[in-house]
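What follows is one structure encoded as structure tokens, with my remarks underneath.
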Amino acid sequence: MIEINTYCKYLYNSLYIPIYLYDKKELIACYPNQEKETFPPSLYLTRLWENERKVSYISTTFYSYYGCIQIENTDSCIIMGPINDFPYSKESLQIMGKEFSVNTSNTEAFAEFFYKIPQQSLDTFINTLLVINYTLNHSELTRRDVDDFMGPQIDHTINRTYSENSFNEKEEGILNTNNDDEREWARYIETGNIVKLNKFIRGDFRGNGKMPVIAHDNLRQWKNIFIVSVTLASRAAIRGGLSSSIARQLSDIYIQQVERLSDIEDVKSLSTQAMMDYTNRVANSIVPLSADNILRQVIQYIRDNTNKHITVSDVAEHVGFTRSYLSQKVKKELGIELSAFIRRTKLEEAKDLLTFSNKTISEISNYLYFSSQSHFQTAFKEEYGITPNAFRKSIN
């Protein structure tokens, strides 16, 4: 019988990734010894504990990962992390300091703790979690048992009725070519639309449909498709505002990872992870990482309700602040009036519908709750310098 505390100590001494042993959600031991300020924030612990999988991981708003291994027949679990693909920057550490509630007098020690954690790809980290699970629980899992593609992006309280009330027809019968597939998911990456990309992935992206033959070997075929997809995703992310240097570094990391894989399903899984990673980073480049929870709730509420008549007052009531305070806050942090942001979000949805559905201009106008088709057309032209009909013709 393995003595878990000793096991965790040896584990840390071999990996140098912070390890936390919890029993009944109470911290029993941590390696290395550290101040409370560097313990995993309760938000991430809660999400890991709520996950019913034996092995799970989550991504954070600062692009790092925490993993969890539930120890069978006990109330104990091991939390590991955070791990990161890239070195922490001063900006990211400042943002993390707010999330970890760091005392301003301890910022240097806080930064030093995270600087010491070795960089590691998510692919390697997941494999590490699987090895630990096999050692402790004697159960063999694959990364497909671990992957969860609904990342945390931006304070993700999704309105379930959004997907039910949206145009279900948009996903039916219109993805006729691979070019259509690519344009659709690339658009979701470019706009940081994690909800729609996730829906698309669970439907069509993971291998349904006819693929071009670009290799004689089936595994090589999927690896080549992966490389093309990551390249397109990187370009889409750059168009969406992600730093070109980060986008290209991510591309290099993912291509190196895929070349080490020997199973087609693992290649598909890594492909999905890469798409979500790019989209998550674009979403957080659109919404600054420094943005507080209020602003994130505002943006998510508006995105989830583009098919409804929502006003500034509705948004203010949803987040529990006065209209004037919220309007000033949005203007200061996003540089745009809240009413204009609502309109812009609806018009971005209109571009998707014009591109990926066969709905008429009138149907799209009604769906997005514009007062009239004329109002919709005028607003669209003011925003993009082209009419909705001309825009649709330009992309076909």
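The values are calculated or read from the model by the stated rules, or taken from the named source; none is laboratory data. Keep in mind it's a predicted model, so treat the numbers as computed, not measured. Quick reminder, even Gly has a Cβ in these numbers, built from the backbone with ideal geometry, and neighbours come from all protein chains shown.
Overview of values
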{"read-out": "Residue satisfying all of: in the stretch 111-160; small (Gly, Ala, Ser) and assigned to a loop (DSSP other than H, G, I, E, B); modelled with the lowest pLDDT among these", "value": "Gly151"}
{"read-out": "Of all residues making up the stretch 50-79, the number that are of a type in the set (D, E, K, R) and over 18 Å from Cys8 (Cα atoms)", "value": "3"}
{"read-out": "Condition met for Leu232 (assigned by TED's automatic domain parsing to the domain that holds Glu190, hydrophobic (A, V, I, L, M, F, W, C), free of Cβ contacts under 8 Å to residues at least 60 places away in the same chain and in a helix (DSSP H, G or I))", "value": "yes"}
{"read-out": "Residue match in the stretch 338-349 (condition: more than 18 Å from Thr191 (Cβ to Cβ) and either surrounded by 13 or more Cβ atoms within 10 Å (Cβ to Cβ) or at pLDDT below 90 (or both))", "value": "yes"}
{"read-out": "Single residue of Ser89, Ser56, Ser42, Ser64 found to be among the hydroxyl-bearing types (Ser, Thr, Tyr), assigned by TED's automatic domain parsing to the domain that holds Tyr10 and touching a Cys at 6+ places or on another chain (Cβ under 7 Å)", "value": "Ser56"}
{"read-out": "Qualifying positions in the stretch 366-380 - within 17 Å of Phe341 (Cα to Cα) and either within 31 Å of the chain's Cα centre (by Cα) or not assigned by TED's automatic domain parsing to the domain that holds Thr311 (or both)", "value": "Leu368, Tyr369, Phe370, Phe376, Ala379, Phe380"}
{"read-out": "Within the stretch 2-106, strands (runs of 3 or more DSSP E) holding 3 or more residues that are closer than 23 Å to Leu141 by Cα and in contact (Cβ under 8 Å) with a residue 60 or more places away in the chain", "value": "55-59, 65-70, 76-83"}
{"read-out": "Tally of residues being in a helix (DSSP H, G or I), within 23 Å of Lys196 (Cβ to Cβ) and modelled with pLDDT of 85 or more across the stretch 293-318", "value": "6"}
{"read-out": "Residue in the stretch 69-86 that is closer than 19 Å to Leu250 by Cβ, surrounded by 12 or more Cβ atoms within 10 Å (Cβ to Cβ) and among the β-branched types (Val, Ile, Thr) present", "value": "yes"}
